[in-house]
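Novice: One structure, as structure tokens, below. Some questions next.
The values are calculated or read from the model by the stated rules, or taken from the named source; none is laboratory data. These figures come from a predicted structure and were not determined experimentally. Here the Cβ is made from the backbone with ideal geometry for all residues, glycine too, and neighbour counts use every protein chain on show. Accessible surface is based on the protein model in full, side chains and every heavy atom, while ligands, DNA and RNA are left aside. Shrake-Rupley method; radii C 1.70, N 1.55, O 1.52, S 1.80 Å.
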Amino acid sequence: MGSHSAGLEETLGVLPSWLFCKMLRFLKRPLVVTVDINLNLVALTGLGLLTRLWQLSYPRAVVFDEVYYGQYISFYMKRIFFLDDSGPPFGHMLLALGGWLGGFDGNFLWNRIGAEYSSNVPIWSLRLLPALAGALSVPMAYQIVLELHFSHGAAIGAALLMLIENALITQSRLMLLESILIFFNLLAVLSYLKFFNSQTHSPFSVHWWLWLLLTGVSCSCAVGIKYMGIFTYLLVLGIAAVHAWNLIGDQTLSNMRVLSHLLARIVALLVVPVFLYLLFFYVHLMLLYRSGPHDQIMSSAFQASLEGGLARITQGQPLEVAFGSQVTLKSVSGKPLPCWLHSHKNTYPMIYENGRGSSHQQQVTCYPFKDINNWWIVKDPGRHQLVVNNPPRPVRHGDIVQLVHGMTTRLLNTHDVAAPLSPHSQEVSCYIDYNISMPAQNLWKLDIVNRESNRDTWKTILSEVRFVHVNTSAILKLSGAHLPDWGFRQLEVVGEKLSPGYHESMVWNVEEHRYGKSHEQKERELELHSPTQLDISRNLSFMARFSELQWKMLTLKNEDLEHQYSSTPLEWLTLDTNIAYWLHPRTSAQIHLLGNIVIWTSASLATVVYTLLFFWYLLRRRRSICDLPEDAWSRWVLAGALCTGGWALNYLPFFLMERVLFLYHYLPALTFQILLLPIVLQHASDHLCRSQLQRNVFSALVVAWYSSACHVSNMLRPLTYGDTSLSPGASVGRTARVQEELQGLIPISPQEPCPLVPRLKQLISLHTVKNVPSHSVTHEAQL
């Protein structure tokens, strides 16, 4: 063997002898890989996948909010810009990712609930990511309870409750966002607990950093899916802040060590989430570069940054507005409608309906459509010409200008006459000389609101300007009121004298712009119809586009405050509501968002019991009576802070929201209650049951209780999966038995109402099930 080794070493040459010996010893031993597999975790994951992926492509029809999210998936596939006020774009991008993986081309008309999907829609792929998120939430519930240092029995109990809860199953099997939001909520909590538990034995290790960074990433993803995710983010930040405060008081750590801990948490829990949140919008805006139906909500500068639409119209416009420029002026406010300063030959009526008189001058309005009458010419008051000099004389902040209506050549005017619908403001008109004692007052001072210096030039699209009337100091303003029929229902424009400060309704920007060249009116009218020639780029920076998009998303209000299936937060607790998601047109098979009444009621009771016990223990500890050992008390407090705090933060804010609310808004809060429920049960068994007999009786009651939850889940299965024909003729095997138990819940035909579940109500005092969904009703999700 020695000669053989020497020969091999001589052959290799380059290897030192000690390394060669180590290699020989390694080759003499078998290669062994040891893997620890938690079979509980594997089984729970498999069951989660089974319940969520079973017949995922059914029904092959648009189900409730899929009509809403599907539109945006199509926009992503076609790269068309859209604006959705329900939340940031990360969740929409995940759904679109499923469509892209399935080869979806975006060609489907998402116009009604119940519409059959065409063959080009990969419905299994579109529903896959929400289903996977719902399935993985089951083993994560198991791991969270274990990380809180409770028993495997309690952890399995939490996971099994997540597994059989009907509302969670329904929501995760459809192309909806709640299951993905819940997944990242739970991942954030689990990651923080693993980070916290590794704090004592391996700080700053690879695993320590991994779980800390994953906490920040998960929180950012949760917020990026829906704004509701910020509630769980605040929960994690609050608990992390308390732990950091305790860390500062740890005298065993040096000042530099404490500072390192704090900086690590700041980077992972604040800097990383902000960076990722911006990244979501960056990718969103990079993908959606084409003009779409939501463009007009955005500013002219934003619209011009998109391919097609306004960008096509404004391409090549001059940047600087000069005396003689022909412009259209758009209201920056965009409320109640995006509109442009407009005039036409019609005049204000001599006498209004309320008896007040007017100036009978030419009407000036704000018109929500592109029109030739939206064009104005910027005139130098000291000159008569309406063309741009060579070289052009740019208009600057503070300059006095006149605005000449392009088609009628009359000048924008205001005077001490009350506006038609806003009597406290001045009427704005185009001046007609009636040879009476009402002289023209048509001088306006240009005020560039977003100027960088007092000599800034007026720029196309980029400059936001106000027009201050020289004679009266009134500011040109969009009042937003719709004029009567004599004003063609267009929007009222007034001169606002009592202006407390900046308001978007007083601000305008140049959208379309050309340099006027024609001296004669007939030639000028033809010129107003002609395209521009020059080419100047006005691309917005990412931060400018992000800021505007984020502001619009936060301030855009949906006027609908009622919906057939809307509900109040109090109804969620008692489960006195449901949502009819889908109805098969022939078999009456249905999908309803229905919670498991046993689980929902028990979870609410567990929250109450925990709160009462917590304050009872706290009061007794104040009197130096410690009912729980210190480690058990710490586990009890942390579990309550996460679970009860998570429930409260994800539930109570809805009482302050003036928006349409639905039952599915409660699901994130419910998951925290479900986590708390087995923890309370274990606590009762370990600390409140005094004898073995009491523990045995209590365990038997828990088994009976869980069996009832399984029974209710099984009874509601036809409404969870919608794969059971509920017509009178369907009566075979298990389906027939389930149908008999649900008689009265299911309508015999699509035209019949869906009343209360008589059988289920007898068993568990259930709530009402309202009318089945109409296939002609569309729905827009909120929040």
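Novice: Looking at (1) open to solvent by 10 Å² or more (accessible area, probe 1.4 Å); (2) on the phi < 0 side of the Ramachandran plot; (3) out of contact with any His (no Cβ under 8 Å at 6 or more places or on another chain), which is the one condition that is false for F672?
Specialist: Failing condition for F672: (1).
Novice: Can you name every residue in the stretch 192-230 that is modelled with pLDDT of 95 or more and of a type in the set (S, T, Y)?
Specialist: Y192, T215, S218, S220, listed by residue number.
Novice: Right, here's the next one. Please verify whether the stretch 648-660 includes one or more residues that are surrounded by 21 or more Cβ atoms within 10 Å (Cβ to Cβ), touching a residue at least 40 places away in the same chain (Cβ under 8 Å) and in contact with a helix residue (DSSP H, G or I) (Cβ under 9 Å, 6 or more places away or on another chain). Explain how you work it out, then say what you get.
Specialist: Here is the first cut: in the stretch 648-660, the residues surrounded by 21 or more Cβ atoms within 10 Å (Cβ to Cβ) are 650-651.
Adding the requirement that they be touching a residue at least 40 places away in the same chain (Cβ under 8 Å) leaves 650-651.
The next check asks that each one be in contact with a helix residue (DSSP H, G or I) (Cβ under 9 Å, 6 or more places away or on another chain); those that pass are 650-651.
Yes, the conditions are met somewhere in the stretch 648-660.
Novice: Do we have E571 as acidic (D, E) and not in a loop (DSSP other than H, G, I, E, B) here?
Specialist: Taking the combined requirement at face value, the residue satisfies it.
Novice: Is it true that some residue in the stretch 387-406 is among the basic types (K, R) and touching an Asp or Glu at 6+ places or on another chain (Cβ under 7 Å)?
Specialist: yes
Novice: Still on this structure: For the stretch 46-82, which positions are assigned to a helix (DSSP H, G or I) and among the hydrophobic types (A, V, I, L, M, F, W, C)?
Specialist: Result: L47, L49, L50, L53, V67, I73, F75, M77.
Novice: So A158 clears everything in (1) more than 30 Å from S198 (Cβ to Cβ); (2) of a type outside the set (D, E, K, R); (3) open to solvent by less than 20 Å² (accessible area, probe 1.4 Å) except one condition, right? Which one?
Specialist: (1)
Novice: Hey, another quick one. Can you spot a residue in the stretch 164-174 that is farther than 27 Å from A96 by Cβ, among the hydrophobic types (A, V, I, L, M, F, W, C) and part of a helix (DSSP H, G or I)? Break it down into steps so the answer makes sense when it comes.
Specialist: So the first thing to find is which residues in the stretch 164-174 are farther than 27 Å from A96 by Cβ, and the list is 164-166.
Restricting the remaining residues to those that are among the hydrophobic types (A, V, I, L, M, F, W, C) gives 164.
Remaining after also requiring part of a helix (DSSP H, G or I): 164.
Yes, some residue in the stretch 164-174 is farther than 27 Å from A96 by Cβ, among the hydrophobic types (A, V, I, L, M, F, W, C) and part of a helix (DSSP H, G or I).
Novice: Within the stretch 178-219, take every residue that is assigned to a helix (DSSP H, G or I) and among the polar types (S, T, N, Q) and give me the one that is farthest from A244 (Cα to Cα).
Specialist: Of the residues in the stretch 178-219, the ones assigned to a helix (DSSP H, G or I) are 178-198, 206-219.
Checking the rest, the ones that are also among the polar types (S, T, N, Q) come to 179, 185, 191, 197-198, 215, 218.
Numbers: S179: 31, N185: 21, S191: 16, N197: 14, S198: 14, T215: 15, S218: 20 Å.
Once the filter is applied, the top-ranked residue is S179.
Residue-by-condition table, conditions (1) among the aromatic types (F, W, Y); (2) more than 24 Å from the chain's Cα centre (by Cα); (3) open to solvent by 10 Å² or more (accessible area, probe 1.4 Å):
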position: S86; (1), (2), (3): no, no, no
position: G103; (1), (2), (3): no, yes, yes
position: L109; (1), (2), (3): no, no, yes
position: W124; (1), (2), (3): yes, no, yes
position: R127; (1), (2), (3): no, no, no
position: A131; (1), (2), (3): no, no, no
position: I144; (1), (2), (3): no, yes, no
position: M162; (1), (2), (3): no, yes, no
position: N166; (1), (2), (3): no, yes, no
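Novice: Which residues, taken from the stretch 604-619, are without any contact (Cβ under 8 Å) to a residue 12 or more places away in the chain and not aliphatic (A, V, I, L, M)?
Specialist: Answer for the stretch 604-619, where residues must be without any contact (Cβ under 8 Å) to a residue 12 or more places away in the chain and not aliphatic (A, V, I, L, M): F615, W616.
Novice: Next question, about the same structure. Restricting the search to the stretch 284-342, which residues are in a loop (DSSP other than H, G, I, E, B), under 30 Å from E523 (Cα atoms) and modelled with pLDDT under 80?
Specialist: G308, G309, Q315, G316, Q317, listed by residue number.
Novice: Collect the residues in the stretch 392-410 that are over 14 Å from T328 (Cα atoms) and β-branched (V, I, T), keeping them in residue-number order.
Specialist: Scanning the stretch 392-410 gives V395, I400, V401, T408, T409.
Novice: At least 2 residues that are within 12 Å of Q361 (Cβ to Cβ) in each: list the strands (runs of 3 or more DSSP E) lying fully within the stretch 408-449 that qualify. Break it down stepwise before answering.
Specialist: Working: elements: 412-418, 426-430, 444-448.
Strands (runs of 3 or more DSSP E) meeting the threshold: 412-418, 426-430.
Novice: Between residues in the stretch 620-641 that are closer than 30 Å to T232 by Cβ and residues that are basic (K, R), which pairs lie under 8 Å by C-beta distance while being six or more apart or on different chains?
Specialist: W633/R621
Novice: Does the stretch 313-322 include one or more residues that are of a type in the set (V, I, T), in contact with an Asp or Glu (Cβ under 7 Å, 6 or more places away or on another chain) and open to solvent by less than 10 Å² (accessible area, probe 1.4 Å)?
Specialist: Yes, the stretch 313-322 contains at least one residue that is of a type in the set (V, I, T), in contact with an Asp or Glu (Cβ under 7 Å, 6 or more places away or on another chain) and open to solvent by less than 10 Å² (accessible area, probe 1.4 Å).
Novice: Among the residues of the stretch 35-45 satisfying the criterion of being out of contact with any helix residue (DSSP H, G or I) (no Cβ under 7 Å at 6 or more places or on another chain) and part of a helix (DSSP H, G or I), which is most open to solvent (accessible area, probe 1.4 Å)?
Specialist: In this case the residue turns out to be L39.
Novice: Of everything in the stretch 577-597 that's of a type in the set (A, V, I, L, M, F, W, C) and not in a strand (DSSP E or B), which residue is farthest from L661 (Cα to Cα)?
Specialist: Filtering first and then ranking leaves A589.
Novice: Return the residue satisfying two criteria in turn: it lies in the stretch 522-550 and is modelled with pLDDT under 80 and surrounded by 13 or more Cβ atoms within 10 Å (Cβ to Cβ), and of such residues it is nearest to P394 (Cα to Cα).
Specialist: Only one residue fits best here, namely I536.
Novice: Scan the stretch 431-465 residue by residue and report those that are under 25 Å from H513 (Cα atoms) and among the charged types (D, E, K, R).
Specialist: Within the stretch 431-465, K445, D447, R451, E452, R455, D456, K459, E464 meet the criteria.
Novice: Within the group F150, F104, F108, which residue is under 27 Å from H711 (Cα atoms) and either in contact with a His (Cβ under 8 Å, 6 or more places away or on another chain) or not in a helix (DSSP H, G or I) (or both)? Explain how you work it out, then say what you get.
Specialist: Values: F104 fails: under 27 Å from H711 (Cα atoms); F108 fails: under 27 Å from H711 (Cα atoms).
One residue alone meets the criteria, F150.
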